[in-house]
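Colleague: I am attaching a structure below and will ask some questions about it afterwards.
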Amino acid sequence: MNRRLLRGLAAMLLAAVPLLAMAHKPSDAYLTLAVGDDGRIEQRLDVALRDLDRDLDLDADGDGALSWRELRTRWQAFERLAGETVSISVDGVPCRRIVSDAPALDEHVDGRYAVLRTTLRCAGAAAPATLAIDYRLFAASDPTHRGIARIDVAGAPAPLTRVLVPGDAAATLALGRPAAAPGLARAGAFFAEGLHHIAIGADHLLFLVTLLMVAVWRRSGDGWVPRAAASSAWREALRLVTAFTVAHSLTLGLAAAGVLAPPSRWVESLIAASVLVAALDNLRPFLPGPRWMTVAAFGVVHGFGFAGPLQDLGLRGGDLALPLLGFNLGVEAGQLIVVVLLMPLALWLRAADAYRRWVVRPGSAGVALLALLWTVERALAVPWLSVGL
C-alpha cells in the first residue's frame, strides 16, 4: 500500500477542517411580491442581520451582538444595497419605488432579519403577462447566498415560488397561467436549492462523511475491524443513508408545513452534537445497537435543520408539495454524490493499517474537535468561538 498516498489523503482531510470551520450557515434572503391589479407591487425583502453585518458593518461597537440601534443607524445603507441589487420588471418595463415603510425586524427560524417593505409602481397592462426579478444581492461577497422568492398574484389560485441565484440572468415568471411545465420548473429550482443546501452545509456533510469512513468496517468488541466483503460495506452504507433519509424527510416535511417548529438554536446545537457523537464513536465505538438506529434518531434532528428555506416561504398544503419534493430530492442527490465519491476509496483502503492510523483516527479526532466547538458556540451563543459560521 502506498503510504505516501495515504498520508496525502489524511493531510487533505485535516487541511479541510479549518476551511469547514470557516463555512457559515446557509445564507438565504426572502423576497415576497404581492402583484396587484392596479399596477402596484408590494415588495418585502427579509435579509439576515448576520449577512448585512458582513457587507455593511452593522456591529459598530464590535461586541458581537447586533442591536436595533445599530441596524437603524445603517438603514439607509441597507435601502441603497437593496435598491442596487434587487430590481423588478413587468412586461419588460422596470418598476420604480414610490414609498418605503419604516424599518422593521422579524424573527425567522435561523435568527433575526431586517425587513424592508417597499411599494413599487409598474407601468403597463393592468393584467401583466410576465414578471422579471434581477437579483444580485451579495453576489460579490457570498457566492453561496440564495434568494427565496414568493410571488402572490391578485386573482391567481396559488403563489409562485422561485430560487434566485445572485448574478444569474433575471428570473422571468409567467403570471396567471399555471401549467405543468412551470410547476416542474419550480420543483427543479428547489431540487437545485436542496443540492446547494447539502453542498454548503458543513455540519450535515461532516456527519455523512464521518459515518462513511467506518461503514467499510464492522464492530468487534470495543473496536473496529475491516469488512471482508465489499458488498457488506455497501449494504451498511445503504442502511445508514436510508435511515438518515427516511428520518430527516419526515421532520423536514413536518417542519416545512409548520406542524413542528423547535427553536433553531437547539436544533443547530443538536446537529453539531450529532457530528460530535458520530466522530467519537469512530474512535471507540460506544453507541448501542445497530448504528443505523442512532443515525435515524440524529436524522430527525437534521430534518429540522434542512427545513429553514421552506418554512420561511409560508407555503401550506398543495402549494408546498412541489417545493418540498424538489428540495428533498436535491438533498438526497447531494448525499448520494458523497457516497459515490467516498465509498470506493474507503473500500480500497479499508484493510490498510495506515487508513486507520492516518485517515480515520486523525480525521475523526479533527471532526470531533470542530463539532465540539460548534456545539458550545450554538448552545451557549459564545461569540468568541464564531469564525463566520
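Colleague: Return the residues of the stretch 106-116 that are open to solvent by 40 Å² or more (accessible area, probe 1.4 Å), touching a residue at least 40 places away in the same chain (Cβ under 8 Å) and in a strand (DSSP E or B); say none if nothing qualifies.
Modeller: Selection gives Asp106, Arg112.
Colleague: Filter the stretch 203-236 down to residues that are among the small types (Gly, Ala, Ser) and buried (at least 21 other Cβ atoms within 10 Å of the Cβ) and give me whichever is nearest to Arg356 (Cα to Cα). Show your work before the answer.
Modeller: Here is the first cut: in the stretch 203-236, the ones among the small types (Gly, Ala, Ser) are 215, 220-221, 223, 228-233.
Retained after the next criterion (residues that are buried (at least 21 other Cβ atoms within 10 Å of the Cβ)): 215, 233.
Values: Ala215: 13, Ala233: 16 Å.
Per the criteria, the residue is Ala215.
Colleague: I'd like the full set of residues that are surrounded by 14 or more Cβ atoms within 10 Å (Cβ to Cβ), of a type in the set (Gly, Ala, Ser) and farther than 19 Å from Ala149 by Cβ, limited to the stretch 48-81.
Modeller: Ser67, Ala77
Colleague: I'd like to verify a number: residues in the stretch 148-179 that are in contact with a Pro (Cβ under 7 Å, 6 or more places away or on another chain), part of a strand (DSSP E or B) and either among the hydrophobic types (A, V, I, L, M, F, W, C) or more than 15 Å from Val90 (Cβ to Cβ) (or both), how many?
Modeller: Residues in the stretch 148-179 being in contact with a Pro (Cβ under 7 Å, 6 or more places away or on another chain), part of a strand (DSSP E or B) and either among the hydrophobic types (A, V, I, L, M, F, W, C) or more than 15 Å from Val90 (Cβ to Cβ) (or both): 5 in total.
Here is a yes/no grid of residues against (1) of a type in the set (Asp, Glu); (2) under 30 Å from Gly258 (Cα atoms):
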| residue | (1), (2) |
| --- | --- |
| Glu79 | yes, no |
| Gly83 | no, no |
| Ser89 | no, no |
| Ile98 | no, no |
| Thr118 | no, yes |
| Arg121 | no, no |
| Thr130 | no, no |
| Pro143 | no, yes |
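Colleague: Is there a residue being free of Cβ contacts under 8 Å to residues at least 24 places away in the same chain, surrounded by fewer than 20 Cβ atoms within 10 Å (Cβ to Cβ), among the hydrophobic types (A, V, I, L, M, F, W, C) and in a helix (DSSP H, G or I) anywhere in the stretch 238-249?
Modeller: Taking every residue of the stretch 238-249 in turn, at least one turns out to be free of Cβ contacts under 8 Å to residues at least 24 places away in the same chain, surrounded by fewer than 20 Cβ atoms within 10 Å (Cβ to Cβ), among the hydrophobic types (A, V, I, L, M, F, W, C) and in a helix (DSSP H, G or I).
Colleague: Does Leu45 count as farther than 29 Å from Ala174 by Cα and surrounded by 16 or more Cβ atoms within 10 Å (Cβ to Cβ)?
Modeller: no
Colleague: Quick check: anything in the stretch 126-142 open to solvent by 20 Å² or more (accessible area, probe 1.4 Å) and in contact with a Cys (Cβ under 8 Å, 6 or more places away or on another chain)?
Modeller: yes
Colleague: With the structure loaded, tell me whether Arg44 is in a strand (DSSP E or B) and either modelled with pLDDT of 95 or more or among the basic types (Lys, Arg) (or both) or whether it fails that test. Steps first, answer last, please.
Modeller: On the way: in a strand (DSSP E or B): yes; either modelled with pLDDT of 95 or more or among the basic types (Lys, Arg) (or both): yes.
Judged against the criteria, Arg44 is a match.
Colleague: For the stretch 255-310, name all the residues that are more than 17 Å from the chain's Cα centre (by Cα), among the charged types (D, E, K, R) and open to solvent by less than 40 Å² (accessible area, probe 1.4 Å).
Modeller: Asp281, Arg291 - these are the residues of the stretch 255-310 that are more than 17 Å from the chain's Cα centre (by Cα), among the charged types (D, E, K, R) and open to solvent by less than 40 Å² (accessible area, probe 1.4 Å).
Colleague: Further question on the same structure: Taking the stretch 200-228 on its own, how many of its residues are part of a helix (DSSP H, G or I) and within 15 Å of Leu240 (Cα to Cα)?
Modeller: In the first step, residues of the stretch 200-228 are kept if they are part of a helix (DSSP H, G or I); the result is 200, 202-213.
Okay, now just the ones that are also within 15 Å of Leu240 (Cα to Cα), so 204-213.
Matching residues across the stretch 200-228 total 10.
Colleague: Is it fair to say Glu84 is assigned to a helix (DSSP H, G or I), open to solvent by less than 60 Å² (accessible area, probe 1.4 Å), among the acidic types (Asp, Glu) and without any contact (Cβ under 8 Å) to a residue 60 or more places away in the chain?
Modeller: Values: assigned to a helix (DSSP H, G or I): yes; open to solvent by less than 60 Å² (accessible area, probe 1.4 Å): no; among the acidic types (Asp, Glu): yes; without any contact (Cβ under 8 Å) to a residue 60 or more places away in the chain: yes.
No: the conditions fail for Glu84.
Colleague: Can you tell me which condition Val17 does not meet? The list is (1) at pLDDT below 90; (2) open to solvent by 40 Å² or more (accessible area, probe 1.4 Å); (3) farther than 21 Å from Pro309 by Cβ; (4) of a type outside the set (Gly, Ala, Ser), and all the others hold.
Modeller: (2) is the only condition that Val17 fails.
The values are calculated or read from the model by the stated rules, or taken from the named source; none is laboratory data. Please read all numbers here as calculations on a predicted model, not as lab measurements. Heads up, the Cβs are rebuilt from the backbone with ideal geometry, glycines too, and the neighbour counts pull from every protein chain shown. In case anyone asks, the SASA skips ligands and DNA or RNA and just uses the protein heavy atoms, side chains included. Shrake-Rupley method; radii C 1.70, N 1.55, O 1.52, S 1.80 Å.
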